[in-house]
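Everything below concerns the one structure shown next.
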Amino acid sequence: MDPFSKSPDDDDLRPEAEAARRPQPQPQPREWRFAQVFGERAAGEDVQEVDIISAIEFDKSGDHLATGDRGGRVVLFERTDSRDSASRSELERQDYPIARHPEFRYKTEFQSHEPEFDYLKSLEIEEKINKIKWCQTANNALFLLSTNDKTIKYWKVQERKVKRISVMNLNTSQSSGNGTTSSSSSSSSRAILPNGGCSEKLYNFPNNDLLFPPGGCTSLRLPVVTGQDLNLVPRCRRVYSHAHDYHINSISNNSDGETYISADDLRINLWNLEISNQSFNIVDVKPANMEDLTEVITCAEFHPTHCNTLAYSSSKGSIRLIDLRQSALCDNHAKLFEEHEAPGSRSFFTEIIASVSDIKFARDGRHILSRDYMTLKLWDINMDSGPVATFQVHEYLRPKLCDLYENDSIFDKFECCLSGDGLRVATGSYSNLFRVFGCTPGSAEATTLEASRNPMRRQVANPTRPARTLTSLTRAVRRGGENPGVDANGNSYDLSTKLLHLAWHPTENSIACAAANSLYMYYA
């Protein structure tokens with residue numbers, strides 16, 4: 001056969017090859033709109049410290065949202081616009097899908113943690129909720145984990161029928177139907193008891209227990225249950241305590257639905273949800289001599305589908321992927337993700353701003369998103385040579401690092417999140433701003449939004465792709481040095497208002513974020 005002759009399959013393969021070489025169309029930048037706000041404060045209203053939101057989490061379905069605050073309370077919201085709740089006639093009238101944004105309403109709240117005091121260490125333990133994680137639902141009940149600095153609690157929230165008793169055993173001539181003495185009996189000084197008795201002895205019998213007249217009481221009747229109200233009852237199922245010497249910074253559920261991990265500065269423990277008095281230490285970075293300590297654990301998270309894989313980040317900017325099948329104590333990582341610094345660029349602040357404050361797995365488990373003080377980084381777990389994308393968030397603050405160090409703002413821990421389709425990432429900033437970036441190759445989407453009813457008022461006309469090269473990075477430094485009081489969009493920034501916590505809806509383009517005590521929700 002002539003090697004240059006065309007095989008019958010060439011015509012079939014050529015279009016596919018050409019399609020693979022052809023650049024893929026970029027998703028259009030989203031226009032974000034205000035959806036809802038809970039706990040909005042009036043202008044000039046002071047915010048109580050205990051009301052500031054410290055944790056936000058959607059459940060896997062996206063139908064429920066939980067927030068925790070510094071006062072130890074957990075507040076639950078439920079979705080009200082779900083198509084499952086629509087009537088059949090409404091669904092039949094819809095010839096085409098109507099674009100609707102998720103709408104939530106207040107469901108219930110409960111006190112998860114109380115302030116405590118460790119008398120052995122003379123240490124006060126705050127009630128502040130550090131993290132909330134949803135667990136698998138069962139029997140129409142909601143389950144979630146909440147933790148403060150030392151204690152993790154497993155909560156069950158379920159609707160229960162509460163019976164109401166409307167008819168009591170009282171004399172109708174002396175009392176009303178709700179058990180209180182009526183006005184017609186005001187001339188009598190005897191107090192009627194709920195069981196039909198009287199607080200005074202009515203008749204001169206030697207036995208004080210006999211309070212009924214001879215022949216019986218004509219008004220005696222049984223109580224009647226007239227209604228059953230459905231009330232949400234939160235109940236603490238388990239308390240996991242005394243397992244961490246240092247402050248808990250993260251908890252994460254395993255995909256097996258039976259176990260979870262909790263991490264503090266030096267250790268990661270593995271728990272079974274049903275066993276509260278025992279945990280297994282799987283990572284321990286504490287050196288024999290604490291003077292040799294060079295880095296601490298900042299965050300840990302399980303892989304979304306592989307129950308044997310988890311990742312944890314450190315204060316040196318590295319992320320370690322570990323496999324629980326390798327050994328019981330996973331001191332040796334399976335993979336290490338870190339970005340090597342440019343020669344000659346090291347300074348006093350290098351390690352501080354490199355500390356990773358949050359990591360999140362993408363829904364498919366292929367990528368990890370990490371947030372340090374200056375940037376967002378997207379990592380491919382199959383490529384440990386460096387991040388596949390870097391998004392500049394606080395580059396305009398680089399000339400102000402000394403001031404940020406003096407007022408401790410440089411230690412602020414910003415969270416990050418990914419969209420369910422993996423096409424976008426988001427994180428918070430100062431002045432109650434948050435940034436949304438497109439993370440597909442070649443995407444130029446970079447949107448700045450403000451946590452207010454008008455999120456786009458801080459948006460610049462032509463947002464540009466964040467700097468990724470050394471030359472553009474130095475340009476950003478020079479620009480910040482010329483005008484140190486403004487951010488990348490030319491707006492003044494306020495370090496006292498910071499947006500630390502936000503969460504992306506698992507299936508839709510909807511973001512919930514916390515600005516002090518207010519919960520804002522946006523959709524695109």
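The values are calculated or read from the model by the stated rules, or taken from the named source; none is laboratory data. Worth saying up front: this structure is predicted, and the values here are computed from it rather than measured. Backbone-built Cβ (ideal geometry, glycine too); neighbour counts: all protein chains shown. SASA here: full protein model, heavy atoms, side chains in, ligands and nucleic acids out. Shrake-Rupley method; radii C 1.70, N 1.55, O 1.52, S 1.80 Å.
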Nearest-0.05 FRET efficiency for Lys286 and Asp81 at R0 = 30 Å, using Cβ-Cβ distance, is 0.05
Provide Leu423, Leu404 ordered by accessible surface of protein heavy atoms (probe 1.4 Å), highest first.
Leu423, Leu404
Can you pull the one-decimal nm distance between simple spin-label points at Asn308 and Asp245, each 7 Å off the Cα toward Cβ?
3.1 nm
Applying the gyration tensor rule to the Cα atoms of the stretch 382-464 (axes a ≥ b ≥ c; rounded if a/c under 1.5, else prolate if a/b exceeds b/c, else oblate), the class is oblate
Loop-only chymotrypsin sites (Phe, Trp or Tyr not before Pro) in the stretch 344-386, please: DSSP not H, G, I, E or B, and at most 13 other Cβ atoms within 10 Å.
Phe348
For the stretch 308-314, Karplus couplings with θ = phi - 60° (6.51, -1.76, 1.60), whole Hz, Gly/Pro x
9, 10, 8, 10, 9, 10, 10
In sequence order, calculated HN-Hα J values of the stretch 410-420 (Karplus, 6.51, -1.76, 1.60; Hz; x Gly/Pro):
5, 9, 4, 10, 8, 8, 9, 7, 10, 6, x
Lysines whose Cα lies under 23 Å from that of Lys161, excluding same-chain neighbours fewer than 8 positions away:
Lys107
In the stretch 257-306, what percent of the accessible surface is made up of carbon and sulfur (1.4 Å probe, ligands and nucleic acids excluded)?
47 percent
Leaving out ligands, DNA and RNA, what percent of the accessible area of the stretch 342-393 is carbon and sulfur, probe 1.4 Å?
53 percent
Stretchable slack from Lys161 to Asp331, in nm (0.36 nm times residue separation minus alpha-carbon distance):
56.2 nm
Using the basic label-point model (7 angstrom from Cα toward the beta carbon), what is the Leu293 to Asp403 distance in nanometres?
3.2 nm
Extended-chain gain in nm, criterion 0.36 nm per residue less alpha-carbon gap, Glu116 and Thr440:
112.0 nm
Got the relative contact order for the stretch 322-443 handy, in percent, Cα pairs under 8 Å and 6 or more residues apart?
19 percent
Out of residues 5 or more away from Lys335 or on other chains, whose amide H comes under 5 Å of its own, with H placed 1.01 Å from N in the peptide plane?
Leu321
Name the residues whose placed amide hydrogens come within less than 5 Å of the amide hydrogen of Thr108, ignoring near sequence neighbours (fewer than 5 apart) on the same chain.
Leu76
Net charge within 14 Å of Arg105 by Cβ-Cβ distance, Lys/Arg positive one each and Asp/Glu negative one each, not counting Arg105 itself?
-3
Simple SL model, points at 7 angstrom along Cα→Cβ for Ala342 and Asn277; separation in nm is 5.8 nm
For the stretch 303-317 and the stretch 101-120, distance of Cα centres in Å:
27 Å
With the label point 7 Å along the Cα-to-beta-carbon line of Leu232 and a cut-off under 20 Å to each amide N, the hits in the stretch 127-147 are 129-147
Probe 1.4 Å, accessible area per residue of the stretch 219-349, Å²
53 Å²
Where the Cα atoms of the stretch 341-438 are projected onto their three principal axes, how long is each span, largest first, in whole Å?
40, 34, 17
Could you give me the radius of gyration and the Dmax of the stretch 332-378, taking only the C-alpha atoms into account and expressing both in angstrom?
12.6, 38
Mean Cβ neighbour count within 10 Å, used as a protection proxy, ranking 120-131, 54-65 highest first
54-65, 120-131
Under a 1.4 Å probe, counting only protein heavy atoms, Thr440 has an accessible area in Å², nearest 10, of 20 Å²
Cβ under 14 Å from Arg73's Cβ, Arg73 left aside: what net charge do those residues give with Lys, Arg +1 and Asp, Glu -1?
-3
